[in-house]
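The values are calculated or read from the model by the stated rules, or taken from the named source; none is laboratory data. Values in this document were obtained by computation on a predicted structure and should not be read as measured data. Cβ coordinates were reconstructed from backbone atoms using ideal geometry, including for glycine residues, and neighbour counts include every protein chain displayed.
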Amino acid sequence: MSPFRLSPFGVMPDGTPVNLITLRQDDLTCELITYGGAVRSLTVPDRDGKPTDIVLGLDSLDAYLSQDKYLGALVGRYANRIGNASFSLNGREYSLAANDGPNHLHGGLHGFNSKVWTIKNPAEGAEDSETDPPSQVVLSLVSPDSEEGYPGTLSVQATYTLTGEGLEIDYQAVCDQDTICNLTNHSYFNLSGHASGPVTEQYIRLKASGYTPTFPGSIPTGVVCPVDGTPMDLRQGCRIGEHIDDDFPQLAMAGGYDHNWVIDGPAGVLRPAALAWSEQTGIALEVLTTMPGIQFYTANFLEDCPMGKGGASYVNRGAFCLETQYYPDSPHHPNFPSPILPAGKLYHHKTVYRICKK
């Protein structure tokens, strides 16, 4: 058994080929493309055993190049927003691209989502194992010093492993200078099927007692607020649409949910962060992570996305994202967990998307 299957997916304007990677394990199948390291599909059985693709994706490279939704992509060098497109480190001010109003979003104009990643060899020793090698692929990328304004040459490696329980993404990075680093995956999930329309009747539970409210423009105020007594309290689980349009300023500003929650438990330890499920299909998705925060985003601005797989029309609130991360704008808030990556130190985080039945 090969760890993955490879096939062509298109050619970049500069002639660089892009490949489609297929991982299979038991009754799960995952497709990735080397452009942006993007998860293109994740097909799992519903309660009746019917294969159901629960990730939004596109049918051509041209469609990926034309969209600005970070569809399925691996995002960096800094996921989410940095206010005023700048930060200070070691007494020096660094200016970044302002690609979200006055702010910096998801690594800038040419972030990791728009790079063609390199496929590395399967894990050493896999071919010598008495069992089949894991359904796994390792993608790598080198971000040169000063790219998008960031200090240091950053070498990144992302390992995607499909197990019988779901998809795991292991992130590693090292830099030759002090820098900041915050990597995530921006997959859009719809547990009733990628083409099934709004997710407002699906359910969400977040293991988070606090969240980081924002100013207009989605830059955190710097305060961690308790979720108690607000529509941001998702600890018991509820329909995604139950409170999404409540008269609550944070929801009104974002057009729905698009906030960072503070995950309960110690960062650096793999622990449950979220659980979502569809009563229609019986598919549930549990997210576990070592990161301190998670952005729950209800795809409030998806409607101008290109036509999806098989001609699907992707609509506003037609999916949700669960982006594990350092908090947005952390470089400006010393009370937030620090995203600083010292020179030579290993950045290492892991997120697991576990498929279960509900």
Among the candidates ASP258, ASP228, which residue alone is closer than 28 Å to ASN99 by Cα and acidic (Asp, Glu)?
ASP258
So, in region 182-205, how many residues would count as being closer than 25 Å to ASP59 by Cα, assigned to a loop (DSSP other than H, G, I, E, B) and hydroxyl-bearing (Ser, Thr, Tyr)?
4
Part of a strand (DSSP E or B), of a type outside the set (A, V, I, L, M), modelled with pLDDT of 95 or more and surrounded by fewer than 20 Cβ atoms within 10 Å (Cβ to Cβ) - does that describe any residue in region 97-109?
yes
Any idea which residue in region 82-96 is surrounded by the most Cβ atoms within 10 Å (Cβ to Cβ), counting only those that are of a type outside the set (Gly, Ala, Ser) and outside any strand (DSSP E or B)?
LEU96
Those residues that are under 23 Å from the mean Cα position of the chain (by Cα) and without any contact (Cβ under 8 Å) to a residue 60 or more places away in the chain, I need them from region 11-26; list them, please.
LEU20, THR22
When THR16 is run through (1) touching a helix residue (DSSP H, G or I) at 6+ places or on another chain (Cβ under 7 Å); (2) modelled with pLDDT of 95 or more, the failure sits at (1)
Part of a loop (DSSP other than H, G, I, E, B) and of a type in the set (Lys, Arg): does that describe ARG235?
yes
Taking interchain pairs and intrachain pairs at least six residues apart, which have beta carbon atoms under 9 angstrom, with the first residue in region 334-348 and on the phi > 0 side of the Ramachandran plot and the second at pLDDT 95 or above?
GLY344/VAL174; GLY344/CYS175; GLY344/ASP176
Test result for ASP264, modelled with pLDDT of 95 or more, of a type in the set (Asp, Glu) and either surrounded by 16 or more Cβ atoms within 10 Å (Cβ to Cβ) or under 17 Å from the mean Cα position of the chain (by Cα) (or both)
no
So, GLU279, is that one of a type in the set (Asp, Glu), free of Cβ contacts under 8 Å to residues at least 24 places away in the same chain and in a loop (DSSP other than H, G, I, E, B) or not?
no
The residue that is nearest to CYS321 (Cα to Cα), considering only those in region 256-273 that are in contact with a Phe, Trp or Tyr (Cβ under 7 Å, 6 or more places away or on another chain) and not hydroxyl-bearing (Ser, Thr, Tyr), is ASP258
Lone unmet requirement of (1) under 18 Å from VAL116 (Cβ atoms); (2) touching a Gly at 6+ places or on another chain (Cβ under 6 Å); (3) not hydroxyl-bearing (Ser, Thr, Tyr) for ASP26
(1)
